[in-house]
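Following: one structure in structure tokens, then a few remarks.
Computed from the coordinates by the stated procedures, all read-outs in this text should not be read as laboratory data. These figures come from a predicted structure and were not determined experimentally. Note: ideal-geometry Cβ built from the backbone for every residue, glycine included; neighbour counts use all protein chains shown.
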Amino acid sequence: MVGIVATVYLGVSGQLGLYIHPRYFVFTMVMAVIAAALVVAAFALLPAAEDEHEHELPEDDGGRWAWLWPAGSILIIVAATVGLLVLPPATLTTATVAKRDLNGSTSLITQKEASDLVGGDYSTFTVRDWSSLLRQGAGEDFFADKTATVTGFVTPDTSDPENVFFVARFVVSCCAVDAQPVGIPVYYPGWQDEFPTDSWVAIESGFNTNPSIRSDETIALVPSEITPTDQPAQPYVY
């Protein structure tokens, strides 16, 4: 029942997107309401008399441990309530990036979708859009006159963490469990002194040949200024 209440609460408060793709919002809420109705009906149909011996322990125990059953049930309910309703939902971070393939093929748009982006309104491109174009080999000539306006969290480039970081987001195709990280490399030496890992930043910058000789990324954003910002209400992209 706690899970049902938590699901409805997250849906009403607009936080369900931290767990599942928006396409499943209506379905999830409808199923939560149906589940709540079934739970209420089940309690209403329970027999008035309860079998007193259902969970009775052997007589030689003298009933000494009979309190464990209700105590355990209460503990589970309290833990579920705290975990689902009291503690704020946490978004995925660099700890998850390290376990998943940044800019892996499953998180990027297809080559056909990428070709459809060419000539589009670049001001509306997301981190995922730019990451896809970079991954699929759009050359320096393509990026020469393009300006990216993006927001994401900071995660280091493992090949040159001192000078390069990725402005990153997670792509959710179904739920947070399958979320995949995407990011755009940013050349900004000494970034750690200004922007902690997992902090959120807003960047408006053109692309250039990556000045780093150690980074695996050949093209990067080279901003003159980076603005710290708050995590958006919807931190994931779809």
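Annotations for the structure displayed:
- The calculated FRET efficiency for T229 paired with I34, based on their beta-carbon distance and R0 = 35 Å, is about 0.30.
- Each label point was placed 7 Å from the Cα along the Cα-to-Cβ direction; for A202 and A41 their separation is 5.0 nm.
- Taking 0.36 nm per residue of separation and subtracting the current Cα-Cα distance, fully stretching the chain between T158 and C175 would add 3.5 nm.
- Sorting 129-140, 191-202 by average packing, meaning the other beta carbons within 10 Å per residue, from highest down gives 129-140, 191-202.
- Chain lengthening between Q136 and T106 when straightened (0.36 nm per residue, less Cα-Cα): 9.5 nm
- For region 142-158, 3J(HN,Hα) computed residue by residue from phi via the Karplus equation (6.51, -1.76, 1.60; θ = phi - 60°) reads 5, 7, 4, 10, 9, 10, 9, 10, 9, 10, x, 9, 8, 9, x, 7, 5 Hz, glycine and proline entered as x.
- Highest to lowest packing among 212-219, 164-171, 178-185, scored as the average C-beta count within 10 Å: 164-171, 178-185, 212-219
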